[in-house]
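Colleague: Take a look at this one; I'll ask things after.
The values are calculated or read from the model by the stated rules, or taken from the named source; none is laboratory data. Since the structure is predicted, the reported quantities are computational estimates derived from the model, not experimental observations. For accessibility, only protein heavy atoms count, side chains too; no ligands or nucleic acids. Shrake-Rupley method; radii C 1.70, N 1.55, O 1.52, S 1.80 Å.
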Amino acid sequence: MTTHLNPQTGVILFAHGSRDPLWRLPIDAVAQQMTQRWPDLSVACAFLELTTPDLANTVDAMMMQGKTHLRIVPMFLGVGRHAREDLPQLVNDLIAAYPQMHFELLPSIGEHPAMTQLMAEIAAGQAAAP
């Protein structure tokens with residue numbers, strides 16, 4: 001799938017966070033793969049709690065890079081309170097604080113049919129090797 005990458009668009013991978021510093025490695029790996037595949041796309045990670053940077057600081061950093069459109073991708077498998085309530089409120093606060101920015105909040109990654117299919121393939125031992 002080929003996508004036109006707008007140079008003013010940045011992607012923020014938003015995850016929960018943890019006290020364990022190793023917890024974030026899979027999220028960082030997704031960001032790294034995106035950067036390798038689409039070198040002109042700005043990608044950053046942000047976390048709800050216990051891990052830095054938080055969403056507001058990541059938005060500030062993206063704005064300093066000249067981004068005007070931010071896609072926020074919740075890296076949650078399930079849709080619990082954080083994805084259903086906390087994150088939309090954080091985004092509403094950002095919209096109020098930065099009216100010049102366009103924020104696009106995507107559904108949680110676990111809701112995407114391709115993710116469900118890939119998880120089923122992995123569980124069945126049928127996933128393609130990287």
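Colleague: Any idea of the accessible area per residue across the chain, 1.4 Å probe, to the nearest Å²?
Modeller: About 63 Å² of surface per residue is accessible.
Colleague: Given springs between every Cα pair under 10 Å in a Gaussian network model of the chain, which of 118, 106, 25 has the largest fluctuation?
Modeller: Comparing 118, 106, 25 in the GNM, the peak value goes to 118.
Colleague: Check residue 45: other-chain or 5+ apart residues with amide H under 5 Å from its amide H, H built from backbone geometry?
Modeller: 13
Colleague: If you wrap a convex hull around the Cα atoms of the chain, how much volume per residue is inside, in Å³?
Modeller: Normalising the Cα hull of the chain by residue number yields 123 Å³.
Colleague: Out of residues 5 or more away from residue 72 or on other chains, whose amide H comes under 5 Å of its own, with H placed 1.01 Å from N in the peptide plane?
Modeller: Result for residue 72 returns 12, 104, 105, 106.
Colleague: Using alpha carbons only, how many degrees (0 to 90, rounded to 10) separate the axis of helix 113-123 from the longest principal axis of the chain?
Modeller: Helix 113-123 sits at roughly 40 degrees to that axis.
Colleague: Another question, then. Calculate one ³J(HN,Hα) per residue across the stretch 21-28 by plugging θ = phi - 60° into the Karplus curve 6.51 cos²θ - 1.76 cosθ + 1.60, and present them in order as whole Hz with x for glycine and proline.
Modeller: These are the phi-based 3J(HN,Hα) values: x, 6, 4, 7, 4, x, 5, 4 Hz.
Colleague: Right, another one. Taking the chain as a Gaussian network, where each spring joins two C-alpha atoms under 10 Å apart, which residue of 101, 64, 34 fluctuates the most?
Modeller: With Cα springs under 10 Å in the chain, the top fluctuation among 101, 64, 34 is at 64.
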